[in-house]
Structures are given as structure tokens and as C-alpha cells.
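*Asks:* Here you go, one structure.
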Amino acid sequence: MSASVSAKEALLGVISFSPQSGYSIKAEMESGGVSYIWDLSFGSIYPRLKDLEREGLITAVEVRDEGRVRTVYDLTHQGWSSLRRWLAEKPSYPLPLRDELLLRMLFWGTARPDDRQTLIGHLRDRAAKTRELLDRLRTPLDENGATDEFQGLIEEYARMRLKAELEWIDKTITQLQGAPRPPLRDPRGIFPKATERRHAAARAAGKEAGPS
């Protein structure tokens with residue numbers, strides 16, 4: 001089995017918390033604790049549950065809840081064993097800088113170097129969302145929810161990472177509000193050449209090569 005996470009392992013993990021309905025699994029993945037640390041876009045979740053059921057990893061049980069009959073899923077012995085084996089595998093190393101804002105900043109110096117205010121606006125938007133997430137992490141998602149030692153360590157990691165991001169954003173905005181700095185390294189003259197190419201392309205199109 002690959003060490004990378006898949007929908008299968010994520011579903012088994014969520015069901016390990018307690019027997020779950022399809023609706024409660026979907027809610028956990030979209031807005032619960034799992035959503036903070038993994039992007040799980042599964043589309044329709046029920047076909048995947050049926051696949052796990054066919055593989056013998058989960059079992060569906062009908063339960064009566066307040067006069068209503070609903071289907072919940074629980075792990076079989078095979079399902080628990082599969083989850084335990086996956087947990088024991090060495091996880092793949094994440095790419096911590098895989099981030100759309102950072103990707104845009106990577107190209108800012110060639111395509112939009114004179115427009116620092118727009119980038120500052122992006123950074124301020126990001127800081128607002130980061131503070132909101134940090135506030136949410138300081139408050140339990142569910143007062144009746146359970147958090148064990150391992151989940152508490154995840155929460156501590158998330159808080160430390162978000163605080164570090166806010167410090168970096170503040171420092172970055174301060175620098176961008178000052179005078180532009182020369183490239184840290186540019187032995188081939190990539191940045192001035194990019195400016196020349198951008199202006200030449202604008203002239204050829206009869207446009208102005210402005211910051212937009």
C-alpha cells in the first residue's frame with residue numbers, strides 16, 4: 001500500500017471515532033477536525049462507503065434514533081486491521097510551501113513588481129483568515145466532542161504554525177511598505193530581462209505594461 005493518504009484511509013479513520021452515518025462522515029470531513037489538516041474533496045461519499053462495505057472493511061447497521069431508522073457504518077475486524085497497518089507505515093513528507101499565495105509571490109517580481117499594494121492586500125486577507133482559524137482552534141469544535149493526547153498535539157502544532165505565519169505576514173507587509181529592494185540573487189539578470197520582455201509585449205499589442 002502507498003504511504004500517501006487516500007479516501008479509504010480517511011474514511012476508516014473517521015469511522016474509528018464512532019459508528020457514523022454518511023451524513024456525519026461528510027460533516028466531519030467538511031467542517032470537523034479532519035478538515036483542518038487534510039483537503040478531502042470526495043464528491044459523493046456513499047459510493048465510497050459501498051466500496052468499503054464490499055471489501056469487508058466496514059459494515060452497515062440500521063439503528064433507530066428518535067423513532068427514525070438510519071444507517072450507520074462501523075469498522076469490521078478487517079477494517080480495524082487495515083487502518084492499523086496504514087498508521088504503522090512511514091508517512092510521505094509534506095510539501096509545506098505548497099501554497100497558492102506563495103506561488104503568486106514567486107512570480108510577482110517578473111509580472112507585477114511595481115504593484116506592492118495588491119500583494120499587501122492579499123497578505124492582509126490571508127492574515128484575517130489565519131486569525132479566524134487560530135481563534136477557532138482555541139475553542140473546541142464541539143463541547144461534547146472528545147480530544148485525546150494525540151489530537152491535542154495536532155492542535156498545538158496548528159496553533160504554533162498559525163502564529164508563526166502571522167508573524168511572517170506582519171514582517172512581510174512592513175518590508176513591502178518600504179522601498180523596493182534589489183534581487184537577493186540574479187546572476188543571469190532574469191528580473192530586468194522580464195521587465196523588458198513584458199514592456200516589449202505590451203508595445204507590440206499597443207498596450208501599456210502597467211501593474212495590472
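The values are calculated or read from the model by the stated rules, or taken from the named source; none is laboratory data. Note that the structure is a prediction, hence the values are computed from the model and not measured. When we count neighbours, we look across all protein chains shown, and the Cβ atoms used for this are built from the backbone with ideal geometry, even at glycine.
*Asks:* Filter region 101-143 down to the residues that are more than 24 Å from P182 (Cα to Cα) and charged (D, E, K, R) and list them by number.
*Replies:* D125, R126, K129, R131, E132, D135, R136, R138, D142, E143
*Asks:* Still on this structure, I have one more. Just give me the residues in region 82-108 being surrounded by 12 or more Cβ atoms within 10 Å (Cβ to Cβ) and either under 22 Å from E167 (Cα atoms) or in contact with a Pro (Cβ under 7 Å, 6 or more places away or on another chain) (or both), in sequence order.
*Replies:* Result: D99, L101, R104, M105, W108.
*Asks:* Show the residue pairs meeting these rules: Cβ distance below 7 Å; 6+ apart or different chains; first residue within region 186-207 and closer than 17 Å to L106 by Cα and of a type in the set (D, E, K, R); second residue part of a loop (DSSP other than H, G, I, E, B) and modelled with pLDDT under 95.
*Replies:* R198/A209
*Asks:* Restricting the search to region 57-100, which residues are out of contact with any helix residue (DSSP H, G or I) (no Cβ under 7 Å at 6 or more places or on another chain), outside any strand (DSSP E or B) and among the polar types (S, T, N, Q)?
*Replies:* Correct list: T76, Q78, S81, S92.
*Asks:* Is region 60-73 home to any residue that is more than 17 Å from Q151 (Cβ to Cβ), touching a residue at least 12 places away in the same chain (Cβ under 8 Å) and under 21 Å from the mean Cα position of the chain (by Cα)?
*Replies:* No: region 60-73 contains no residue that is more than 17 Å from Q151 (Cβ to Cβ), touching a residue at least 12 places away in the same chain (Cβ under 8 Å) and under 21 Å from the mean Cα position of the chain (by Cα).
*Asks:* Among (1) of a type in the set (D, E); (2) at pLDDT below 95; (3) closer than 29 Å to E196 by Cα, where does D115 come up short?
*Replies:* (2) is the only condition that D115 fails.
*Asks:* Follow-up. Quick one: which of A146, A158 is modelled with pLDDT under 95, small (G, A, S) and surrounded by 14 or more Cβ atoms within 10 Å (Cβ to Cβ)?
*Replies:* A158
*Asks:* Within region 92-145, track down each residue that is among the hydrophobic types (A, V, I, L, M, F, W, C) and touching a residue at least 40 places away in the same chain (Cβ under 8 Å).
*Replies:* Residues satisfying the conditions are A111, L119, I120, L123, A127, L133, L137, L141.
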